[in-house]
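Working notes, structure below.
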4 protein chains.
Amino acid sequence: MTGTDPDVGRLVVSCTDQPGIVACVSSFLYRRGANIVQSDQDSTGPAGGRFFLRIVFHLPGLDKELPRLEREFRQEVAARLDADFRFRAASVPTRVALFVSRYDHCLLDLLWRARRGELPIEVCQVVSNHPDLADEVSSFGVAFEHIPVTRATKPEAERRQLGLLRDSVDLVVLARYMQILSGDFLDRIGVPVINIHHSFLPAFAGAGPYEQAKERGVKLIGATAHYATEELDEGPIIEQDVVRVSHRASARELARRGADIERTVLARAVTWHCEDRVLVNGRTTIVF
Amino acid sequence: MTGTDPDVGRLVVSCTDQPGIVACVSSFLYRRGANIVQSDQDSTGPAGGRFFLRIVFHLPGLDKELPRLEREFRQEVAARLDADFRFRAASVPTRVALFVSRYDHCLLDLLWRARRGELPIEVCQVVSNHPDLADEVSSFGVAFEHIPVTRATKPEAERRQLGLLRDSVDLVVLARYMQILSGDFLDRIGVPVINIHHSFLPAFAGAGPYEQAKERGVKLIGATAHYATEELDEGPIIEQDVVRVSHRASARELARRGADIERTVLARAVTWHCEDRVLVNGRTTIVF
Amino acid sequence: MTGTDPDVGRLVVSCTDQPGIVACVSSFLYRRGANIVQSDQDSTGPAGGRFFLRIVFHLPGLDKELPRLEREFRQEVAARLDADFRFRAASVPTRVALFVSRYDHCLLDLLWRARRGELPIEVCQVVSNHPDLADEVSSFGVAFEHIPVTRATKPEAERRQLGLLRDSVDLVVLARYMQILSGDFLDRIGVPVINIHHSFLPAFAGAGPYEQAKERGVKLIGATAHYATEELDEGPIIEQDVVRVSHRASARELARRGADIERTVLARAVTWHCEDRVLVNGRTTIVF
Amino acid sequence: MTGTDPDVGRLVVSCTDQPGIVACVSSFLYRRGANIVQSDQDSTGPAGGRFFLRIVFHLPGLDKELPRLEREFRQEVAARLDADFRFRAASVPTRVALFVSRYDHCLLDLLWRARRGELPIEVCQVVSNHPDLADEVSSFGVAFEHIPVTRATKPEAERRQLGLLRDSVDLVVLARYMQILSGDFLDRIGVPVINIHHSFLPAFAGAGPYEQAKERGVKLIGATAHYATEELDEGPIIEQDVVRVSHRASARELARRGADIERTVLARAVTWHCEDRVLVNGRTTIVF
């Protein structure tokens, strides 16, 4: 993101809740001259629950200090607390691959926001099972790869996708990608995968969701962004939002309103993820 | 509702869509000196779809004219269009029975709004399967009947409820009534029954919905008001709304936020129903 | 808009409220074989108020019938009711000129929606007082004209704008155009002009609105789309919406959230205007 | 609030931002056996800005430890950081006086929520310049004092109010109190005063705000809760919200929708204040 201070770093920690975590972590940073700019924490329960911490700090010469910070934190703090942790320079953009099928609203919105410097990401690659959006993507100067997927070719297609992306991206975003990724793919890609899908009250299964919503007379159209897991549409929720609709809207208009809310919700989810604001805790998330 | 003009009437019509409906209905009213104040219509499709019309009109001496209006409309218009219709004086409040169990938030909100003259209703009777809220209800000057319900006594309880209410109310509102009404009861009560329940994205079945919502990390808590049918929570939707929540809210706080949204959504649904704004079309509604 | 039925027309009427308007208008349409698909009306008061009507109808061979319909409506109905009216074929897109300065979010969102067939418009021309967005606009295949404006050259600039647009567009949209149009320009352009601007609770005057909002700790950031008048930001309101923000958002992030809500509100306002849903009544609007 | 753990305490700190604050405060708590359950911080800028911290902690035997904790924190931490701070037991309710005139919606909503155990408050006294709501308030078992106010008697009325409340309440809530409190009263009452008022986009000054909103065709009706200051409606904002309205709503209906949003916003503001979530920073607030 344009103009991010190169001396700003982020630290995310999770461990079993126990007294003294904040004192321990903040003393560690203080002794190294890091000034805490923002700090958030949450716990699922002080007695034996899980503790989550996100700290934004300012440290002159961060890029040179980061490797030493990590090494010493591992030895002095993480080992003692039995904690998972992650340091990151806020100025380094997240490398992202976008998967898309034919609906372009989420893809274009992300490409556009990335180009305007609104998102802390670098879009490295777009992958699609259809060739339709090739020119559009190229006009943003982003690589586009058409990898068709049929039931028969899916394993081969996933191999190609992995070959293209593994070790070169930090995040995969399914920007209306209408194929289900296998559990094997999710394991091997080794980075988080964010998905967006429509949501209704009540929920509808199966094809033609907006036709079903119209038929049922729902008054709210929503979208949910979540981490993809093998169980379709069941991963930890990152963000949700809704928009009001009335009986006047046709199924087609519902789909349009839905597209608007999908792109907004997905942009928020990607932003928050890339700012290390989203911590996964089993089936749920903490969004700082 | 305080101060409603006694000369304001409402007409609701539904029939197979066909050319000339509005011309026919509006000419009928015009010839009788009624001035159309507001008019809404909707159609599921001009060729063979279903047509819905709601008209608010002003007619001096409405209360005396209403029986003649109905008779002549039946003969001159409804017969020709094969239409269902309903005339009503806006100044006559809807007679309502409220069913409740132990949660008081929806009940008190309706009683309170009714007392302040905000709702076009007269609350005739509160029925509960628990005695807890008797004093509270009495303080509003409304009759309270405690009719316990167990699996064994349910048929007898429903007979008592029917004896108490049949032919004396125009609407039953389930203001967090935690018992399922039988299809037989719904048939025999002969008036619409409005229910309110919590709604989530995604939906949760079974007990402890707020615990499930907490566990799943939902970001929106909602409520749906709908007409009760034999299929639980599946009747035509009247109104829905949601409120944002974060990971910080406990299951108990989620339930509180849910209670706020439930009472708001239910009040809107009852108001709109009693103003003849809600027209049922199979499994869906049109809300003018 | 792709796929709009060529036989669907719209009629908008306004006149002094009086008995029989709907009967008169609907009979007129019925006798010519037009089937009313949707109808909305509103009145500021049955006794001497202003009456507003919007009708969507289906008439086979509409494009050939339209001139005759207009002529006969003028003679038979409008003359009698002393009414203003407008017929339009729903399939004919509104010709739009977009004015922009440097902020691109509203402009690109409209261009993009137009290209996807989401908006019932044809963008004929983009006019800007800065050259920055020329390439971006050209990539959409839309003409771009750079007309610089300074205090000294403003009259000349407005003459050039009028020369370019008069009689060739149906609507001007100020998509974050940071110049004030003169009353003279608004008179002579002869078509409606829609503007978008940020809105806060409370309102802030003057420069740096997001800095002021940050300073004041507002919890909601909003946008208002309205018809432009000589009094800046004071024309009839078409649409408004808000988004929640917290103390955590910097002034820069507030501006970004504001941009999101601005483009959404403006797209809705343009859509509704072009669907003849927005009827101006003095300083206010009726949005059907 | 029912069931609050007596061992849960809250600490609020503000001081000039400087390195080591969190380390210093968290170490202090850690050494005394307090386990930090929740912690939020914010800074207006690491270099010389203002730093704000709110900590929720668990300490067995809190009520006995609190005086010692305060004394030692003052000596060991606050003196060193030149910090303002406040310790509080979460289980001790805030003592509140409610001021009201004739509109009852905010008053009743707060009384009702307090009785249900939803708010962490004890309502000690209701003060009104009208006698109308005396019986209503008494039915909640709360003392009601009628203190009429005219231009002439205002100083005397404020003296009576101060005599009744000074040193016996922690918070004053203006629940639609239609009198302006003098700067002298605000100084001498010595506790925060929360006010609620309607808000619109754009804002309207003067009488009949809902009539003005109707006249201007606003699409959103809002409410703002803020701390009262001598400058009317200009104090630090705690919470705001809006609800959508259409041209169909009369000024009277706008006022009703406004009342709904006022009571909701005020209840949230009072809850957050009493949970020490609202930290004032000059003209703005931080809401954790």
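The values are calculated or read from the model by the stated rules, or taken from the named source; none is laboratory data. These numbers come from a predicted model, not from an experiment. All Cβ positions, even for glycine, are placed from backbone atoms using ideal geometry, and neighbour counts span all protein chains on display.
The one condition from (1) closer than 19 Å to residue C:38 by Cα; (2) in contact (Cβ under 8 Å) with a residue 60 or more places away in the chain; (3) at the interface with another protein chain (Cβ under 10 Å from one of its Cβ atoms) that residue B:113 does not meet is (1).
With respect to the conditions (1) within 12 Å of chain B (Cβ to nearest Cβ); (2) touching a Leu at 6+ places or on another chain (Cβ under 7 Å); (3) farther than 20 Å from residue B:8 by Cβ, residue C:13 lacks only one, and its number is (1).
Just so you know, in segment A:183-207 the residues that are modelled with pLDDT under 85 and among the small types (Gly, Ala, Ser) include one that is surrounded by the most Cβ atoms within 10 Å (Cβ to Cβ), and it is A:203. Scanning segment C:175-193 for residues that are under 15 Å from residue C:269 (Cα atoms) and more than 10 Å from the chain's Cα centre (by Cα) turns up C:175, C:176. For segment C:101-123, the set of residues classified as touching a strand residue (DSSP E or B) at 6+ places or on another chain (Cβ under 7 Å) and either farther than 21 Å from residue C:276 by Cα or not β-branched (Val, Ile, Thr) (or both) consists of C:101, C:106, C:107, C:110, C:111, C:114, C:120, C:122, listed by residue number.
Residue check: residue A:263 meets all listed conditions (1) touching a helix residue (DSSP H, G or I) at 6+ places or on another chain (Cβ under 9 Å); (2) within 22 Å of residue B:215 (Cβ to Cβ); (3) buried (at least 20 other Cβ atoms within 10 Å of the Cβ) but one, namely (2).
Touching a His at 6+ places or on another chain (Cβ under 9 Å) and either farther than 14 Å from residue C:201 by Cα or away from chain C (no Cβ under 11 Å) (or both), is that true of residue D:217?
Values: touching a His at 6+ places or on another chain (Cβ under 9 Å): yes; either farther than 14 Å from residue C:201 by Cα or away from chain C (no Cβ under 11 Å) (or both): yes.
It is true that residue D:217 is touching a His at 6+ places or on another chain (Cβ under 9 Å) and either farther than 14 Å from residue C:201 by Cα or away from chain C (no Cβ under 11 Å) (or both).
Exactly one residue among A:255, A:251, A:267 is closer than 18 Å to residue C:253 by Cβ and either in contact with an Asp or Glu (Cβ under 6 Å, 6 or more places away or on another chain) or of a type in the set (A, V, I, L, M) (or both), and that residue is A:267. Restricting C:262, C:234 to residues that are modelled with pLDDT under 90 and closer than 30 Å to residue C:10 by Cα narrows the list to C:234. Of the strands (runs of 3 or more DSSP E) lying entirely inside segment D:57-161, the ones with 3 or more residues being crowded, with 19+ Cβ neighbours inside 10 Å are found at D:94-100, D:121-128.
Name the strands (runs of 3 or more DSSP E) wholly within segment A:221-287 that hold at least 1 residues that are within 11 Å of the chain's Cα centre (by Cα) and within 11 Å of another protein chain (Cβ to nearest Cβ)?
Values: elements: A:237-244, A:278-281, A:284-287.
Qualifying strands (runs of 3 or more DSSP E): A:237-244, A:278-281.
Counting just the residues of segment D:5-41 that are in a strand (DSSP E or B) and over 16 Å from residue D:279 (Cβ atoms), which one comes out farthest from the chain's Cα centre (by Cα)?
Applying the filter and picking the extreme gives D:35.
Filtered by the rule that a residue be free of Cβ contacts under 8 Å to residues at least 24 places away in the same chain, within 17 Å of residue A:28 (Cα to Cα) and buried (at least 17 other Cβ atoms within 10 Å of the Cβ), segment D:27-46 gives D:27, D:30. Selection over segment C:118-135 of residues that are touching a helix residue (DSSP H, G or I) at 6+ places or on another chain (Cβ under 7 Å) and within 14 Å of chain A (Cβ to nearest Cβ) gives a count of 4.
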